[in-house]
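The values are calculated or read from the model by the stated rules, or taken from the named source; none is laboratory data. These figures come from a predicted structure and were not determined experimentally. Using ideal geometry, Cβ is built from the backbone for each residue, glycine included, and neighbour counts are taken over all protein chains shown. Note: accessible area is taken over every heavy atom of the protein model, side chains too, but ligands, DNA and RNA are not part of it. Shrake-Rupley method; radii C 1.70, N 1.55, O 1.52, S 1.80 Å.
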Amino acid sequence: MSNANDGTVNQKRQAGEAAIRYVEDGAIVGVGTGSTVAYFIDALADLKHRIQGAVSSSEQSTAQLKRLGIPVLDLNSAGPLTIYIDGADECDPCKRLIKGGGAALTREKIVAAASEKFVCIIDSSKQVDLLGKFPVPIEVIPMARSLVGREIVKRGGQPVWRDGVVTDNGNWIIDVHGWRIADPAALESELNQLPGIVTVGLFARRPADVVLIGGQLMA
Ligand code: 5RP
């Protein structure tokens, strides 16, 4: 018997496989993190002899890339990348995103910023009109957790510490509930100024360039 979850899994796989068409011969591919990206990495393994390698956004993706024999390169030596493929937790009609459900947001934002084209791969459950139903992940320096939490409350959010999670960079995650975000780029810029915040899981100042929902291109 099939259920809605099967549909989501199928769409993740279709999106991951469809993203392969954006990978050019000889490229160094920026690779995100998550269950949708895992399908992309599986598909990338079939092309591994046609690419130079990948720059990874997490230890999790690095492990999968290496297991499949795809060379993992350092961003500092790779230089600007032509392409970055990653998932998202929410996506609005302007291709602005919430990311960080897998706690990899900092390296994801770095690799996205280093890439000419960001192809976001999602299933249809991630599409929203207004960002914020999914709690906004914020990576913080551990000693600033309460300071940042108070700043979030001042801005109408409810901060929840993702207790027990330590990021690949040794930091902590606060998930912010209760925001309905009318101007995500303005909020991202404002939060970027607060001491103790490493990365805000809003990808609005640099949104995705292309979004694939299942195998379909979002307009
Ligand atoms: C990880 C992320 C992921 O892209 C996001 O959580 C989506 O994951 P999935 O493809 O498993 O639904 O931002 O930090």
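Do we have ASP129 as under 30 Å from GLY214 (Cβ atoms) and surrounded by fewer than 22 Cβ atoms within 10 Å (Cβ to Cβ) here?
yes
Among (1) within 23 Å of VAL55 (Cα to Cα); (2) loosely packed, with under 15 Cβ neighbours inside 10 Å, there is one condition ALA112 misses while meeting the rest; what is its number?
(2)
Pull out all pairs, ordered by first then second residue, where Cβ-Cβ is under 7 Å, the residues are six or more apart or on different chains, the first lies in the stretch 89-117 and is under 14 Å from ARG205 (Cβ atoms) and part of a strand (DSSP E or B), and the second is within 14 Å of the ligand (Cβ to nearest atom) and of a type in the set (D, E, K, R).
As it stands, the answer is LEU97/GLU90; ILE98/ASP89; ILE98/GLU90, since those pairs meet every condition given.
List the helices (runs of 4 or more DSSP H) inside the stretch 1-68, counting only whole elements, that have at least 2 residues being buried (at least 24 other Cβ atoms within 10 Å of the Cβ). Walk me through how you get there before you give the answer.
Details: elements: 4-18, 35-45, 59-67.
Here the list reads 4-18, 35-45.
If you take the residues in the stretch 143-190 that are of a type in the set (A, V, I, L, M) and part of a strand (DSSP E or B), which one is surrounded by the fewest Cβ atoms within 10 Å (Cβ to Cβ)?
If we filter the stretch 143-190 for residues that are of a type in the set (A, V, I, L, M), which is where we start, we get 143-144, 147-148, 152-153, 160, 165-166, 173-174, 176, 181-182, 185-187.
After this cut, where a residue has to be part of a strand (DSSP E or B) as well, the list is 160, 173-174, 176, 181.
Working: VAL160: 15, ILE173: 25, ILE174: 23, VAL176: 27, ILE181: 23.
Step by step, filter the stretch 143-190, then rank; the result is VAL160.
Read through the list (1) in a strand (DSSP E or B); (2) within 12 Å of the ligand (Cβ to nearest atom); (3) open to solvent by 30 Å² or more (accessible area, probe 1.4 Å), then give the number of the only condition that ILE121 fails.
ILE121 satisfies every listed condition except (3).
Can you find, within the stretch 50-108, the residue that is nearest to the ligand (Cβ to nearest atom) among those that are of a type in the set (Asp, Glu) and closer than 17 Å to ALA27 by Cα?
Going through the qualifying residues, I end up with ASP86.
For the stretch 126-151, enumerate the residues that are touching a residue at least 12 places away in the same chain (Cβ under 8 Å) and under 11 Å from GLY196 (Cβ atoms).
Matches in the stretch 126-151: ILE138, GLU139, VAL140, ILE141, PRO142, MET143, ALA144, ARG145, LEU147, VAL148, GLY149, GLU151.
Starting from the stretch 183-198, keep only residues that are over 18 Å from ILE173 (Cα atoms), then list their pairs with residues that are open to solvent by 50 Å² or more (accessible area, probe 1.4 Å) and among the hydrophobic types (A, V, I, L, M, F, W, C) whose Cβ atoms are within a distance under 9 Å, requiring at least 6 positions of separation or different chains.
From residues that are over 18 Å from ILE173 (Cα atoms), the pairs are PRO184/CYS94.
Is at least one residue of the stretch 141-152 aliphatic (A, V, I, L, M), within 26 Å of THR8 (Cβ to Cβ) and out of contact with any Lys or Arg (no Cβ under 7 Å at 6 or more places or on another chain)?
no
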